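The values are calculated or read from the model by the stated rules, or taken from the named source; none is laboratory data. This structure is a prediction, so every number in the text was calculated from the model and none was measured. No Cβ is skipped: glycine too gets one built from the backbone with ideal geometry, and neighbour counts run over all protein chains shown.
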Amino acid sequence: MALWPIYEEGPQPVDVWDTLMHGFAARQVFSIRPSWVLDVGSDTLFTAILSQFTPVTTIDIRPWSCPLPGLTVRQGDVLSLPYASASVPCVTCLSVVEHCGLGRYGDALDPQGTVKALRELWRVLAPGGHLVLAVPISHTAGVMFNAHRLLTRESVLSELPGCRVVEEVALYPQFGPVEAVKELGEWGYAMLCQTIRKESQ
């Protein structure tokens, strides 16, 4: 069974899940080179660093502030993003949607919270734009209340019509093939990291 987080032993403990997930996401954004990035709820350090290479607006249900050039912080809800449909060139959302609707972060209980969050991220993304996403997946879906949901790769992509997966890896917590999720035991999971292009509206 995969546990969260998993730290490498040694003189400097390393959270393997977070380190590799954020490294993957940063590499994707730097490769895409969007004019700006909308981040939804990801790690504050990740968004701060990313904003020094491209303008970032980050939305979080929990307000925070950081007087850093290139970074705009807004309080908001992933279920109701304050952007027009098809208006954002690049969206990052790392280990967020699986928590939606479980009440862990002060949000309202909603059994469809994760589905609604995925649809909202996809709504604001412009055609030709990229969604950089990280979610925990297993061979079967489930809820580890009130921590997070476990999704399947198929259930994620089914909410993103007109999508094309550009790149994807899974963390076990080391990088491995997505297909290996079938070999995990009950409640075992991997973090699916994807870059998904919106081919059509």
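Between a residue in segment 107-135 that is of a type in the set (S, T, N, Q) and any residue that is part of a helix (DSSP H, G or I) and surrounded by fewer than 18 Cβ atoms within 10 Å (Cβ to Cβ), which pairs come within a Cβ distance under 9 Å, given they are 6 or more apart or on different chains?
Cβ pairs passing all conditions: T114/S155.
Scan G106, G101 and give me the residue that is of a type in the set (G, A, S), within 16 Å of the chain's Cα centre (by Cα) and part of a loop (DSSP other than H, G, I, E, B).
Working: G106 fails: within 16 Å of the chain's Cα centre (by Cα).
That would be G101, the only listed residue that is of a type in the set (G, A, S), within 16 Å of the chain's Cα centre (by Cα) and part of a loop (DSSP other than H, G, I, E, B).
Could you grab me the full set of residues in segment 29-43 that are among the polar types (S, T, N, Q) and closer than 20 Å to P82 by Cα?
Once the filter is applied, which keeps residues that are among the polar types (S, T, N, Q) and closer than 20 Å to P82 by Cα, segment 29-43 yields S35, S42.
Mind checking which residues of segment 24-43 are surrounded by fewer than 15 Cβ atoms within 10 Å (Cβ to Cβ) and in contact with a Phe, Trp or Tyr (Cβ under 8 Å, 6 or more places away or on another chain)?
F30
Sort through R123, R74, R104 and tell me the only one that's surrounded by fewer than 21 Cβ atoms within 10 Å (Cβ to Cβ), modelled with pLDDT of 95 or more and out of contact with any strand residue (DSSP E or B) (no Cβ under 6 Å at 6 or more places or on another chain).
After applying the criteria, what remains is R123.
Taking only segment 46-67 into account, find how many residues are surrounded by fewer than 17 Cβ atoms within 10 Å (Cβ to Cβ) and at pLDDT 95 or above. If you could, list the steps in order and put the result at the bottom.
Of segment 46-67, the ones surrounded by fewer than 17 Cβ atoms within 10 Å (Cβ to Cβ) are 48-49, 52-53, 55, 62-67.
Of the ones still in play, those that are also at pLDDT 95 or above are 48-49, 52-53, 55.
Selection size over segment 46-67: 5.
Which residues, counting only those in segment 121-156, are aliphatic (A, V, I, L, M), part of a helix (DSSP H, G or I) and within 14 Å of the chain's Cα centre (by Cα)?
Within segment 121-156, L121, V156 qualify.
Could you look through segment 138-155, keep only residues that are within 20 Å of G103 (Cα to Cα) and crowded, with 20+ Cβ neighbours inside 10 Å, and pick out the one that is modelled with the lowest pLDDT?
The residue in question is H148.
What about G176, is it in contact (Cβ under 8 Å) with a residue 40 or more places away in the chain and either farther than 21 Å from T58 by Cβ or touching a His at 6+ places or on another chain (Cβ under 7 Å) (or both)?
The answer is no for G176.
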